[in-house]
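Structure record follows, encoded as structure tokens.
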Amino acid sequence: MRVHSAKAILSIILVGSLMIMSGCSNNQNSEEKKESPDNGEIIFELDSNDSEKPAQNSKAAQNGEASLRMSFAGDYIIYDSNYNYANSLAGGSGYDFKPMVRNLRQFTKDCDLNYYNQETILGGTQLGLSSYPCFNSPQEAGDAMIDLGYNLVSTATNHTMDAGEEGILSSYKYWKSKDNVFMTGTFDSREARDEVHVLECNGITYSMLNYTYGTNGIPVPEGKEYLVNVWPCEFTDPQTDEAYNEYKKQVKKDIDAVRDKVDFLIVCMHAGVEYSPDESDYQDDMAKFLADNGVNLVIGTHPHVIEPAEYIGDTLVYYSMGNLYCAQMSDEYYNKVTSILATVTVRKTVENGETKIVFDDLKNELMFCYYNQATWTDYCVVPFSSPEIKNFLPEYKEVYEHYKGIFQKKDSSLTVAECAK
């Protein structure tokens with residue numbers, strides 16, 4: 001990862017900590033941050049190429065435009081049959097998930113940023129692997145996604161506490177050890193949770209926040225609420241849910257801490273009703289709240305099935321991407337093993353000092369996670385646009401039309417890539 005470092009020193013006064021990263025890299029650990037003075041200043045070293053000039057936020061750049069290409073996908077859930085099959089692919093020594101997700105490379109290889117949701121905690125084998133209802137997954141599952149180019153990861157889910165505090169800390173250490181990967185949603189300290197991350201790619205500054213509705217009734221240790229971002233939902237009425245509305249203050253505080261420092265802001269929301277093809281009232285309320293507070297892209301996960309997408313003003317909202325990879329049983333329309341994978345050009349224009357983000361060339365691909373249900377083996381993620389799909393799902397055309405209709409229910413202009421002939 002390329003990091004500003006050498007002659008000049010920039011002092012930036014922030015409410016919390018501010019981390020600046022450049023290029024299309026986004027490792028949250030790699031910058032050379034100096035000790036914080038007592039007054040709260042954070043000091044960064046700059047490139048010698050920058051002479052004595054401070055690093056420029058893209059919002060302060062001269063009139064012009066910039067763009068990056070991004071992909072984003074849904075839930076990555078590791079059951080025992082998934083890691084047992086990965087173990088067999090590794091010859092009984094370790095876990096090899098790469099063959100199962102290899103078809104995703106065609107979508108990630110030309111993108112600068114690639115996002116997915118790590119549904120199950122990657123606590124690693126040292127904690128003992130486990131499956132439903134309390135998951136702990138091998139870290140090699142993350143290695144396979146990083147190998148594909150995934151560099152944005154959300155980890156705040158209803159399964160975050162499944163392996164306890166130890167699982168979160170092990171997962172956090174794993175992600176922090178990876179170059180050019182930005183993970184958020186879980187943390188090892190209050191300081192880490194409150195850090196403000198400003199990343200940069202192709203002249204566009206960006207950041208990402210992540211929240212989950214809850215942790216399946218497993219309490220977050222008192223005094224350690226920083227471990228996972230929980231935006232609590234009582235599943236009643238979002239208008240009268242006091243805890244839910246109180247937490248909006250924290251979400252707004254998080255947004256306000258970074259909104260004027262970046263061009264492009266993403267929020268990943270883990271919320272909704274499992275297996276429902278329609279978003280819930282809470283999801284609607286969350287999306288509107290985030291849009292009203294200047295979020296550019298909302299990526300929804302948790303329902304494990306495809307839900308609609310739409311624009312709320314200029315904010316692009318995906319209520320649920322569905323399961324990218326899992327071992328869940330499905331109904332007649334294969335709802336739990338079908339997902340949306342999106343690719344989009346994020347374009348920034350700056351005119352008279354005012355920055356605007358627009359989404360161009362948005363492509364939505366329907367994906368199918370195949371496995372042999374008799375043996376719980378042969379896992380493989382296949383695009384509906386690939387001629388291979390007919391070998392894995394004979395009724396693929398009917399399934400495609402079904403989920404195309406669900407996805408476009410709120411906005412038919414959001415096209416879905418054609419399925420194979």
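Values computed for the structure shown
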{"read-out": "Test: residue in region 392-412 that is under 24 Å from the mean Cα position of the chain (by Cα), farther than 22 Å from residue 303 by Cβ, in the same structural domain as residue 131 (by TED's automatic domain parsing) and not charged (D, E, K, R)", "value": "no"}
{"read-out": "Among the candidates 323, 293, residue that is surrounded by 23 or more Cβ atoms within 10 Å (Cβ to Cβ) and polar (S, T, N, Q)", "value": "323"}
{"read-out": "Some residue of region 339-362 being touching a residue at least 12 places away in the same chain (Cβ under 8 Å), within 19 Å of residue 119 (Cβ to Cβ) and surrounded by fewer than 19 Cβ atoms within 10 Å (Cβ to Cβ)", "value": "no"}
{"read-out": "Strands (runs of 3 or more DSSP E) contained in region 122-231 and holding at least 2 residues out of contact with any Phe, Trp or Tyr (no Cβ under 8 Å at 6 or more places or on another chain) and in the same structural domain as residue 347 (by TED's automatic domain parsing)", "value": "182-184, 196-201, 204-212"}
{"read-out": "Residue count, region 375-415 (criterion: in contact (Cβ under 8 Å) with a residue 60 or more places away in the chain, hydrophobic (A, V, I, L, M, F, W, C) and closer than 28 Å to residue 279 by Cβ)", "value": "6"}
{"read-out": "Residue among 252, 288 that alone is closer than 24 Å to residue 70 by Cα, part of a helix (DSSP H, G or I) and basic (Lys, Arg)", "value": "288"}
{"read-out": "Residue within region 350-373 that is in a loop (DSSP other than H, G, I, E, B), under 30 Å from residue 133 (Cβ atoms), assigned by TED's automatic domain parsing to the domain that holds residue 212 and at pLDDT below 95 present", "value": "yes"}
{"read-out": "Cβ-Cβ under 9 Å pairs, at least 6 apart or on other chains, region 266-289 side among the aliphatic types (A, V, I, L, M), far side at pLDDT below 95", "value": "273/235"}
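The values are calculated or read from the model by the stated rules, or taken from the named source; none is laboratory data. Note that the coordinates shown come from a computational prediction; the quantities given were computed from them, not determined experimentally. Cβ coordinates were reconstructed from backbone atoms using ideal geometry, including for glycine residues, and neighbour counts include every protein chain displayed.
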